[in-house]
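Quick note: the coordinates plus some simple rules give every number you see, no bench work behind them. Please read these numbers as outputs of a predicted model, since none were measured by experiment. Cβ placement follows ideal geometry from the backbone for every residue including glycine, while neighbour counts extend to all protein chains displayed.
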Amino acid sequence: MLTKRASLLTILGLLTTYMASAQTAAASGPQPIDILGWLAWFVAAVVLIFGVMTASSLAAVAAEAAEADLNDKPATPVHVVAQAPVATPPSAAVPTEQLVAA
């Protein structure tokens, strides 16, 4: 209860202070354009555009892969029988020079 009351009073005090400072007269006359602010907004917009483009591209590729995976699966499983490797005779593995010398 005490924490709730303290937090509500703090928020009310901050809100009142904000409203009081917002009513003070602003500096009259035109304000200069902040180039760094415009640059930051431009960079943020470019990053947002690239993020959206990358996300949509990845989503399209994932959807295409999922559709291809569903369409390429065979209806019945195919069993593949493994074949044993064919053994070569030992005489074919030994070079002829060694056979003559032996």
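Modelled label-to-label distance, ASP34 and LEU70, 7 Å Cα→beta-carbon offset: nm?
5.0 nm
On a full-extension model of 0.36 nm per residue, what is the gain between GLN83 and MET19, subtracting their alpha-carbon distance, rounded to one decimal in nm?
Taking GLN83 through MET19 to full extension adds about 14.6 nm, to one decimal.
Would you mind computing, in nm to one decimal, how far apart the modelled labels at SER56 and ALA44 are, each placed 7 Å from Cα along Cα→Cβ?
Taking the two extended label points, one gets 2.2 nm.
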